[in-house]
Amino acid sequence: MENDKLFDKVIHFIVYKGKLIAFLFFIATIFCTICFPFVGVNYDLSKYLPDFAPTKQALDVMEEEFGYPGMARIVLKDVTLQEASEIRSEIASLPEVDLIIGPDIMTDPYLGNSFVTNDLVDEFYKDGNAVLEIIFRDGDSDQTTHKAIDKIYDIVGKDNGYFTGSAVSNKETQESITREIIIAIGMALIIIWAILTLTTNSWFEPFLFIFIMIVAILLNMGSNIMFGTISFFTFSTAAILQLAVSMDYSIFLLHTFTAFKNQGMEIHDAMEAALKEACNSILASGATTIVGFIVIALMQFKIGKDVGFVLTKGIIFSLLTVLLLMPTLILKFNDKIAKTAHRPFLPSFDGLAKVMYKIRKPILVAALLLAAPCYVGQGMNAFYYGNNALGAGEGSRLYNDQKIIDELFGKSNIVLAIVPNGSPVRERELSDALNDEDYINYAISLSGVLPEGVPESFVPQKLAEQLRSERYARIIISMNNVEESAYSFECSNRLTELVNQYYPENSYVIGMTPTTIDIRDIMTEDYNRVSIISLIGVAIVVMLTFQSLTIPILVIIPIEVAIYLNMTIPYVLGDSMVYIGYIIVSCLQLGATIDYSILMTNNYMEMRETMDRQQAAVAAISKSTISILTSGMILTVVGYLLYFTSSVQAISQVGRLVGRGALFSMVLVMSLLPALLSTFDNMIRKQQKKAKIRREKQAEKRKKRLEKLRRYRNGRNQGPTAAQG
């Protein structure tokens with residue numbers, strides 16, 4: 001009773017203190033808008049490795065001893081050995097460049113002979129083309145590295161060379177990603193406006209919905225300044241996914257308000273009634289989505305925490321904006337909504353509902369037949385785990401340059417071995433052993449490049465400084481494979497074993513491939529845990545909502561089948577999949593589209609009070625279709641916009657998974673779920689009756705406790721008066 005009174009007071013405050021609430025939202029939105037440009041974006045996946053990962057420990061040592069280097073690979077077209085030497089020297093003089101290896105690294109090209117060795121010349125100079133391997137002082141995503149790349153473009157001439165490597169890829173990604181996000185959000189707003197115009201009854205309503213979501217997005221993105229830096233993945237997807245997933249809340253509130261207003265209620269009273277009725281449904285819907293997102297934050301690979309917290313915060317801001325700010329705007333623009341009303345553009349869905357009910361049995365059989373194969377197939381995909389997911393897509397200049405460089409000089413996958421100082425002989429032996437391996441192009445160490453008896457002072461000072469510190473020596477190794485493949489992983493493991501043979505303690509192997517191996521191992525373990533927790537979390541929310549053990553299973557089945565089917569399509573088509581997208585979209589699809597199942601189930605149970613199971617199923621489909629189509633089409637459009645506009649493979653693939661997953665969820669909820677509900681109708685109704693009896697008993701107990709408390713309080717208040725008399 002006390003809680004009900006407090007709830008009524010809060011609702012009354014929201015409705016009648018709208019100006020104060022709007023002012024507070026205005027201040028908060030301005031503040032977050034100002035903060036947004038100062039939120040950093042990280043593009044280095046290795047930064048999200050947990051502390052126990054071998055690569056994380058190795059990176060800490062290397063950063064302390066030699067810095068955290070970015071890398072690039074450049075081919076100079078149609079140059080002589082002397083011209084290549086001049087260009088290499090000019091690039092080497094840049095303060096941002098730590099080390100650059102080229103055909104003249106141990107050779108005097110003007111004398112035509114080597115003072116130590118010329119074995120490296122053939123690796124770096126072929127048919128008038130020279131390749132340069134560049135190691136920067138700072139990381140791939142550091143702005144100083146990007147400025148250095150711009151300087152290198154000026155030195156070489158962008159049309160006079162081919163450019164690739166993680167630093168170049170990172171720079172191109174950063175420059176394109178903001179532009180692509182703006183394009184995607186702009187197009188999404190236009191298409192969402194069109195969808196809302198078709199599915200609402202006023203020309204003004206879509207503008208109101210979109211404005212509310214823009215406020216929520218600005219609050220979320222600006223408040224990310226509390227984290228300092230967010231991942232490129234979060235930066236690229238959070239705003240547009242928040243827009244798609246949260247739109248339902250505002251639509252439901254406005255439609256509920258309109259229903260009460262059409263009953264003849266005064267608009268403030270109608271809004272209070274709408275908030276009371278809609279609040280539980282909106283919060284339950286938000287809770288299922290939050291569960292899907294917050295579970296992502298439990299990943300050991302810390303990008304999950306980054307994505308999960310930001311998306312969860314986004315849903316919370318969306319809920320707050322809809323429940324606190326939107327009532328004021330609806331009341332303020334009520335007349336405009338009424339004046340811009342138009343007839344419904346969409347027809348009745350009674351015919352579609354009858355068709356869906358008729359095909360329920362074939363759909364149920366197909367789902368049963370496909371469930372097991374899809375469950376197996378979605379785990380058999382070829383996955384990308386590391387920075388290859390950030391690479392530019394086919395057809396881009398970066399992709400084409402990489403292909404040309406590999407054709408001219410072969411693949412070069414740079415790995416760094418960090419080994420303790422102390423034994424030049426052992427260092428030479430390790431270098432020789434590495435150079436003898438068929439998967440290694442070259443291994444350069446300070447001891448390894450010097451013939452016996454030649455002092456280290458003969459080596460150029462800058463090269464010597466970058467290959468040896470007080471405590472450690474660094475060996476630069478080039479493997480002749482791509483950064484990420486089963487063969488690359490095998491070679492990296494063999495290389496690590498070889499290094500450990502010569503240096504069993506305090507030795508480290510660092511590079512994109514070893515990093516990717518760690519990411520793979522950690523994320524594979526993450527998926528098994530996260531998917532189970534997500535499933536259990538959503539099931540608990542649904543169980544509490546319906547107070548039934550059967551309904552959570554039934555409402556989840558169509559969504560899980562849709563997820564398995566969605567994730568199996570890439571395997572059938574022979575496409576590769578980004579594993580981080582696989583994890584996140586699996587949780588997102590469950591959390592975001594389970595609302596469709598909940599809505600359908602609510603409508604079925606409501607209709608079942610006055611209809612038989614067939615009539616109730618058909619009526620539930622007809623009543624639910626417009627809401628499911630509105631929400632599902634928005635999520636589909638947003639997903640495919642990311643797919644078509646992003647040049648980053650990870651973002652593009654996630655977009656396609658989101659869009660396709662929303663389509664599958666819509667179809668299966670409108671076809672498979674009614675079949676399940678009608679099939680298990682008797683069990684559901686029995687559980688609902690028991691739940692109703694429990695609620696009545698609990699209400700009666702609360703009533704008795706309150707009555708007893710009231711009598712006790714009255715007795716205390718009357719006691720002194722009676723004594724005085």
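The values are calculated or read from the model by the stated rules, or taken from the named source; none is laboratory data. Worth saying up front: this structure is predicted, and the values here are computed from it rather than measured. FYI the Cβ positions are ideal-geometry reconstructions off the backbone, even for glycines, and counts take in every protein chain you see. Areas reflect the complete protein model, heavy atoms only, side chains present, ligands, DNA and RNA absent. Shrake-Rupley method; radii C 1.70, N 1.55, O 1.52, S 1.80 Å.
Determine which single condition residue 288 fails, assuming it passes every other condition in (1) within 23 Å of residue 205 (Cβ to Cβ); (2) of a type in the set (Ser, Thr, Tyr); (3) in contact with an Asp or Glu (Cβ under 9 Å, 6 or more places away or on another chain).
Every listed condition holds for residue 288 apart from (1).
Can you spot a residue in segment 5-15 that is without any contact (Cβ under 8 Å) to a residue 24 or more places away in the chain, loosely packed, with under 15 Cβ neighbours inside 10 Å and not in a helix (DSSP H, G or I)?
Scanning segment 5-15, I find no residue that is without any contact (Cβ under 8 Å) to a residue 24 or more places away in the chain, loosely packed, with under 15 Cβ neighbours inside 10 Å and not in a helix (DSSP H, G or I), so the answer is no.
Could you tell me how many of the residues in segment 359-374 are closer than 12 Å to residue 668 by Cα, touching a helix residue (DSSP H, G or I) at 6+ places or on another chain (Cβ under 6 Å) and open to solvent by less than 50 Å² (accessible area, probe 1.4 Å)?
3
Across segment 657-695, which residue is most open to solvent (accessible area, probe 1.4 Å) among those that are within 19 Å of residue 542 (Cβ to Cβ) and of a type in the set (Val, Ile, Thr)?
679
Might you check whether a residue that is open to solvent by 20 Å² or more (accessible area, probe 1.4 Å), among the aromatic types (Phe, Trp, Tyr) and at pLDDT 85 or above occurs anywhere in segment 42-59?
Looking through segment 42-59, at least one residue is open to solvent by 20 Å² or more (accessible area, probe 1.4 Å), among the aromatic types (Phe, Trp, Tyr) and at pLDDT 85 or above.
Could you figure out which of (1) modelled with pLDDT under 85; (2) outside any helix (DSSP H, G or I); (3) of a type in the set (A, V, I, L, M, F, W, C); (4) under 30 Å from residue 47 (Cα atoms) isn't true of residue 416?
All conditions pass for residue 416, except number (1).
When you go through 100, 135 one by one, which is the residue that is in contact with an Asp or Glu (Cβ under 6 Å, 6 or more places away or on another chain), in a strand (DSSP E or B) and either modelled with pLDDT of 85 or more or open to solvent by less than 60 Å² (accessible area, probe 1.4 Å) (or both)?
Selected residue: 135, the only one of 100, 135 that is in contact with an Asp or Glu (Cβ under 6 Å, 6 or more places away or on another chain), in a strand (DSSP E or B) and either modelled with pLDDT of 85 or more or open to solvent by less than 60 Å² (accessible area, probe 1.4 Å) (or both).
Just checking, which of 516, 545 is within 30 Å of residue 696 (Cβ to Cβ) and surrounded by 15 or more Cβ atoms within 10 Å (Cβ to Cβ)?
Just a single option satisfies the conditions, and that option is 545.
In segment 138-158, what residues are at pLDDT below 85 and within 24 Å of residue 410 (Cβ to Cβ)?
Within segment 138-158, 140, 158 qualify.
Are any residues in segment 59-97 part of a helix (DSSP H, G or I) and of a type in the set (Val, Ile, Thr), and if so, which ones? I'd like the intermediate steps shown before the answer.
Step one: of segment 59-97, the residues part of a helix (DSSP H, G or I) are 59-65, 81-92.
Of everything in segment 59-97, those that are part of a helix (DSSP H, G or I) and of a type in the set (Val, Ile, Thr) turn out to be 61, 87, 91.
Can you pull out the residues in segment 24-76 that are of a type in the set (A, V, I, L, M) and within 22 Å of the chain's Cα centre (by Cα)?
39, 41, 45, 49, 53
If I filter segment 37-48 for residues that are aliphatic (A, V, I, L, M), outside any helix (DSSP H, G or I) and within 20 Å of residue 496 (Cα to Cα), do I get at least one hit?
no
Need at least 3 residues that are under 26 Å from residue 19 (Cα atoms), open to solvent by 50 Å² or more (accessible area, probe 1.4 Å) and touching a Cys at 6+ places or on another chain (Cβ under 9 Å) per element, so show me which helices (runs of 4 or more DSSP H) inside segment 246-341 make the cut, counting only ones lying wholly within it.
Correct list: empty, since no element meets the threshold.
With the structure loaded, tell me whether residue 555 is open to solvent by 20 Å² or more (accessible area, probe 1.4 Å), closer than 15 Å to residue 284 by Cα and not charged (D, E, K, R) or whether it fails that test. Outline the logic, then answer.
Working: open to solvent by 20 Å² or more (accessible area, probe 1.4 Å): no; closer than 15 Å to residue 284 by Cα: yes; not charged (D, E, K, R): yes.
Answer is no for this residue.
Just to be sure I understand the filter: pairs with C-beta atoms under 9 Å, separated by 6 or more residues or on different chains, first member in segment 186-198 and under 20 Å from residue 344 (Cβ atoms) and free of Cβ contacts under 8 Å to residues at least 60 places away in the same chain, second member open to solvent by less than 80 Å² (accessible area, probe 1.4 Å) and of a type in the set (A, V, I, L, M). Which pairs pass?
Sorted first by the residue in segment 186-198, then by its partner, the pairs are 193/210.
Scan segment 355-362 and give yes if some residue there is touching a Pro at 6+ places or on another chain (Cβ under 9 Å) and among the hydrophobic types (A, V, I, L, M, F, W, C), otherwise no.
Yes.
Restricting attention to segment 203-210, does a residue exist that is more than 24 Å from residue 655 (Cα to Cα), aliphatic (A, V, I, L, M) and part of a helix (DSSP H, G or I)?
Yes, segment 203-210 has at least one match.
If you check residue 177 against the conditions, is it closer than 24 Å to residue 530 by Cβ and open to solvent by less than 10 Å² (accessible area, probe 1.4 Å)?
no
Quick check on residue 593: is it within 30 Å of residue 186 (Cβ to Cβ), among the polar types (S, T, N, Q) and at pLDDT 90 or above? Write out each step before concluding.
On the way: within 30 Å of residue 186 (Cβ to Cβ): yes; among the polar types (S, T, N, Q): yes; at pLDDT 90 or above: no.
No; evaluated as a whole, the condition is false for this residue.
Within segment 467-494, how many residues turn out to be in contact with a helix residue (DSSP H, G or I) (Cβ under 7 Å, 6 or more places away or on another chain), within 16 Å of residue 445 (Cβ to Cβ) and among the aliphatic types (A, V, I, L, M)?
4
Restricting the first residue to segment 64-92 and requiring it to be at positive phi and at pLDDT below 85, which pairs with a second residue that is of a type in the set (Asp, Glu) and in a helix (DSSP H, G or I) meet a Cβ separation below 6 Å and a spacing of at least six or different chains?
Note: no pairs meet the criteria.
Scan segment 463-482 residue by residue and report those that are open to solvent by less than 70 Å² (accessible area, probe 1.4 Å) and modelled with pLDDT under 85.
463, 464, 466, 467, 468, 469
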